[in-house]
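K.L.:
Before we start, here is the structure in question, set down as structure tokens.
A short reminder: the numbers here are calculations on the coordinates, not readings from a lab. All values derive from a computational prediction rather than experimental measurement. Neighbour counts are summed over all protein chains in view; Cβ atoms, including those assigned to glycine, are modelled from backbone coordinates with ideal geometry.
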Amino acid sequence: MSYVMLTADQALESLLAGNERYVNAKLTHPHQTIEHRTALVEGQRPFAVILGCADSRVPPEIIFDHGLGDLFVVRVAGNVVDDIVLGSIEYAVLHLHTPLIMVLGHANCGAVVETLKGENLEGHLPSLVRAIKPAIDKIKDQSVDLLDKAIRANANRSAEQIRAARPILYELVKADKLKVVTAYYDLASGKVEVIS
Ligand SMILES: [Zn+2]
């Protein structure tokens with residue numbers, strides 16, 4: 001199949017247009033036919049990487065009203081970055097030529113809530129808290145809307161880590177061949193707001 005190559009700005013526009021359809025209950029469910037599924041067997045050219053939270057209320061294909069082959073989605077609680085996440089993103093950018101990365105934080109993120117509580121957690125949960133805590137330490141003094149600020153700070157920090165990931169992502173961002181944006185999803189309205 002032939003692919004339409006989007007620029008980073010066109011990719012962002014397409015995401016936000018899909019989100020607007022979702023917010024207004026005007027979903028078009030694109031790229032979900034049998035024909036489209038079959039056409040994708042030989043390859044994919046997703047136009048955006050979404051690093052989002054594993055939270056069941058924030059499924060990227062639904063909230064952006066897109067379909068098969070459109071989004072390269074990496075989901076992990078708290079939308080945190082580690083080497084496995086960076087490797088996944090690098091695969092999309094290098095091998096699938098995805099021009100845009102969006103880190104998507106969301107309202108009432110449980111991973112951020114737990115990190116703010118600072119209690120002792122069981123099993124592997126402390127690893128998650130360790131990954132989120134540095135973003136929150138920076139804003140600890142701001143008591144008004146602390147959770148919301150922490151969620152945004154955490155998403156921004158992930159975006160910074162992606163931009164700083166040497167050599168691949170760092171170089172591509174520097175050369176203006178890759179764009180990394182941060183966004184915030186409001187659970188109630190369904191709206192995605194680009195924050196940086
Ligand atoms: Zn979350």
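K.L.:
Report the full-extension gain for the segment Leu125 to Val113: residue separation times 0.36 nm, less the Cα-Cα distance, to one decimal in nm.
P.N.:
Details: separation 12, 0.36 × 12 = 4.32 nm, distance 1.25 nm.
Full extension from Leu125 to Val113 adds 3.1 nm.
K.L.:
Output the relative contact order of region 8-187, whole-number percent, from Cα pairs under 8 angstrom with separation of 6+ residues.
P.N.:
Worked out over region 8-187, it gives 24 percent.
K.L.:
Could you tell me which of the pairs Lys138/Lys177; Lys26/Lys191; Lys149/Lys177; Lys117/Lys138 are separated by over 20 angstrom between their Cα atoms in the structure shown?
P.N.:
Working: Lys138/Lys177 30 Å; Lys26/Lys191 13 Å; Lys149/Lys177 30 Å; Lys117/Lys138 16 Å.
Over 20 Å Cα-Cα: Lys138/Lys177; Lys149/Lys177.
K.L.:
Something else: Kindly identify region 22-84 as rounded, prolate or oblate by the Cα gyration tensor criterion: order the square roots of the eigenvalues as a ≥ b ≥ c, call it rounded if a/c is under 1.5, otherwise compare a/b with b/c, prolate if a/b is larger, else oblate. Each step should come with its number before you reach the end.
P.N.:
Details: a/c = 2.84, a/b = 1.28, b/c = 2.22.
Oblate.
K.L.:
So which aspartates and glutamates pass the test for Lys133, namely a Cα distance under 13 Å, with those fewer than 8 places away in the same chain ruled out?
P.N.:
Partners within reach: Glu114, Glu119.
K.L.:
How would the chain be classified by its alpha-carbon gyration tensor: rounded, prolate or oblate, with rounded meaning a/c under 1.5 and the a/b versus b/c comparison settling the rest?
P.N.:
Values: a/c = 1.90, a/b = 1.47, b/c = 1.30.
Here the chain falls in the prolate category.
K.L.:
As a check on your grasp of the helix formula, calculate [θ] at 222 nm for the chain: sum -39500 (n - 2.57) over DSSP H runs of n ≥ 4, divide by the residue count, round to the nearest 500.
P.N.:
Counting only the DSSP helices, I get -13000 deg cm²/dmol.
K.L.:
Which ³J(HN,Hα) values in Hz, rounded to whole numbers, follow from the phi angles of region 5-13 under the Karplus curve 6.51 cos²θ - 1.76 cosθ + 1.60, where θ = phi - 60° and Gly and Pro get x?
P.N.:
With coefficients 6.51, -1.76 and 1.60, one gets 8, 9, 7, 4, 5, 5, 4, 5, 4 Hz.
K.L.:
If you don't mind, another one. Any idea what angle helix 83-95 forms with the longest principal axis of the chain, computed on alpha-carbon atoms, 0 to 90 degrees, nearest 10?
P.N.:
20 degrees
K.L.:
Also: What distance in nm lies between label points placed 7 Å from Cα along the C-beta direction at Asp148 and Thr33?
P.N.:
4.3 nm
K.L.:
Follow-up. Nearest 0.05, what FRET efficiency do Val4 and Tyr91 give at R0 = 30 Å with Cβ-Cβ as r?
P.N.:
Values: r = 21 Å, r/R0 = 0.69.
After rounding, the FRET efficiency stands at 0.90.
K.L.:
Amide H of Val180: which non-local residues (sequence gap of 5 or more, or other chain) have their own amide H closer than 5 Å, using H built in the peptide plane?
P.N.:
Answer set, sorted by chain and number: Ile101.
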